[in-house]
Amino acid sequence: MWRSCLRLRGGGRHLLNCPRGGLTASRGPGPKPPAHARAYAPPAAERKRFYRNVSITQGEAGFEINLDHRKLRTPQAKLFTVPSEALAVAVATEWDSQQDTIKTYTMHLTTLCNTSLDNPTQRDKDQLIWAAAKFLDTDTVWSPAPHLSAGSRMARPWHPAAGLLVCILPAPGFSHGCRVEEPETLVELQRNEWDPVIGWAERRYGVKIGSSTSIMGPSIPARTREVLVSHLASYNMWALQGIEFVVSQLKSMVLTLGLIDLHLTVEQAVLLSRLEEAFQIQKWGNVEWAHDYELRDLRARTAAGALFVQLCSESSAVKHKLLQG
Amino acid sequence: MAALGSPLRTWRGLLRELRYLNAATGRPYRHTPAYRYLVKAFRAHRVTSEKLCRAQHELHFQAATYLCLLRSIREHVALHQEFHGKGERSVEESAGLVGLKLPQQPGGKGWEP
C-alpha cells in the first residue's frame, strides 16, 4: 500500500478525464470519456489541523481522546475508546504531533485502534489467527525461494556507474525469505542470524522446526502449528489485530513471536526480516530514497504493532513492597 | 539477544523525540501528557531491589519500542519531504531537462477560442 504512493504520484494523471490547462483541450464538441474509463477519485483534500489541544479523559468504556472539546471518533463514527492509559497517551501524542496538515499515514497507533474498534473486515478471532498462521508455511526465517526469483524481495544489483536500479517488487502476501544456496557469504549470514532465532523459538514453545532450501519449504509438523495457534488464541481480540499486523509487515511468524516475547528489539526484528536486502545494500550500496525510506516505514509500522500488542495484553498492577523494620 | 542498552539512553532518546515533536507547537514538552506519563512510569519501576525485575525489563522494552516508533516516524517524514514531497515538475522544467524550451505563441494556439 505504501508503495503505491511512490508509483501513482504523478503517474495517475493519465486517469484524469477532464482537460487540464490548455494541453489536452479538445477540438470540436469535447472529448467523451471512453465507456470503460475508471471513475477517478481525486485524492481527498488534506485536512488541516483543526484543533489546538489534545487531552485524555476517562469514560465508562475506557479512555477517550478529546480534540479541543470534541471527542475523537473512529471512521465508522463510533466513540474512540481504548482500554489502556498508555495507549491513550500515545494516540494523543500522535494527534498532537500533526502540524498544519493531518498526515494519517504517520498515525499507526490510531489506525490500529480504529481497526480494532470498527473491525471493518468483520473478522473474528479464529479468522485472525488463521490469517497470521498462514505465514507459518512461508516464514521468512526458514522458507525458501529460488535465489533471485521474482518473488524475492532482493534488489537486483545495479550498475553503480549507470545508476540504474532494478527492483523486484514482491508479490503481495508472498513472504520473501529464502535460504539460498549461493552466494556463500549470504548462506552463512542467514545461518548465523536466523538459526539462533529458530533455536530460541523451538526452546520457548517446545516445538520442532527446521529449515530447508527447497522451494516448498520445511513441512511444519501439525503439532507445531497447534501449539503456536493455541498460543495465539490466548491473546485478546485487540492484541490479535496487532499481531496479525506485525506478521504481515515482517512476513514472519517467528520474528513476531520474538518481538512480543521481548526477545528481539524492533530494530533487530526488522533487520532479520530484511536480511537479504541488508546484504545486498552492503554489497552494492544504499539508495537513500528507497532503502532508507522503506526501512523507516517498516520500523515505524512494526514498532507501532508491537507496542499495540504489548499495551493491549498487559495488566499492570503496582504491588507495594512492605518495608521491613 | 535483546540488546536494549541502558535505560538512561532510552530515556534521553525519548526526551529528545518529545522535544522534536513539540518544537513546532511551541509548547514546552514538559507539559505534555506523554512526558508526564513517562516520568511516572520510569520512576515507579525504578524502586525495586531485585536484580532481575521482569516488570522493569518489560517497561524498558516498551519504552525502547516507543522510542523506535517516534524516531522512525520522524525520519520517514523527513525522507518523504526531501525525496518524494516535491510534487511533479512543471512542463517548463521538464522541457528544460532535455534542453528544450516551450514555444511562445503570442497569437494563442490554433484551437483555443
Name all residues of region A:286-308 having a backbone nitrogen under 20 Å from the label point set 7 Å from the Cα of B:Glu82 along its Cα→Cβ direction, giving them as ranges.
A:286-301
Over 25 Å (Cα to Cα) - which of A:Lys251/B:Lys86; A:Lys78/A:Lys134; A:Lys134/A:Lys208 fall in this group:
A:Lys251/B:Lys86; A:Lys78/A:Lys134
Quick check on packing: order A:260-273, A:115-128 by the mean number of other C-beta atoms within 10 Å, highest mean leading.
A:260-273, A:115-128
Each residue of A:53-62 has, on average, a number of other protein chain C-beta atoms within 10 Å of its C-beta equal to 1
Label-point separation in nm, A:Glu182 to A:Glu226, each point 7 Å along Cα→Cβ:
4.3 nm
Applying 1/(1 + (r/R0)^6) with R0 = 25 Å to the Cβ-Cβ distance of A:Glu288 and B:Leu15, what FRET efficiency is obtained, to the nearest 0.05?
0.35
Per residue of A:263-274, what is the mean number of Cβ atoms on other protein chains within 10 angstrom of that residue's Cβ?
3
FRET efficiency, A:Gln99 to A:Trp130 (Cβ-Cβ, R0 35 Å, nearest 0.05)
0.30
Cα-projected label distance for B:Arg30 with B:Glu58, points at 7 Å along beta-carbon direction, nm
3.1 nm
Would you grab the residues whose amide H sits under 5 Å from the one on A:Ile56? Only those 5+ places off in sequence or on another chain, please, with H modelled 1.01 Å from N.
A:Asn66
Hey, in the GNM for chain B with a 10 angstrom Cα cutoff, which one of B:Gly13, B:Gly99, B:Gly85 fluctuates hardest?
B:Gly99
Ignoring ligands, DNA and RNA, what accessible area per residue does chain B give at 1.4 Å, in Å²?
69 Å²
In whole Hz, with x marking every Gly and Pro, tabulate ³J(HN,Hα) for region A:267-277 from phi via Karplus 6.51 cos²θ - 1.76 cosθ + 1.60, θ = phi - 60°.
4, 5, 5, 5, 5, 5, 6, 9, 4, 5, 4
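The values are calculated or read from the model by the stated rules, or taken from the named source; none is laboratory data. As the structure is a prediction and not an experimental result, all values here were calculated from the model. Every residue, glycine among them, receives a Cβ derived from its backbone with ideal geometry; neighbour counts consider all protein chains shown. Surface areas here come from the heavy atoms of the whole protein model, side chains and all, with no ligands, DNA or RNA. Shrake-Rupley method; radii C 1.70, N 1.55, O 1.52, S 1.80 Å.
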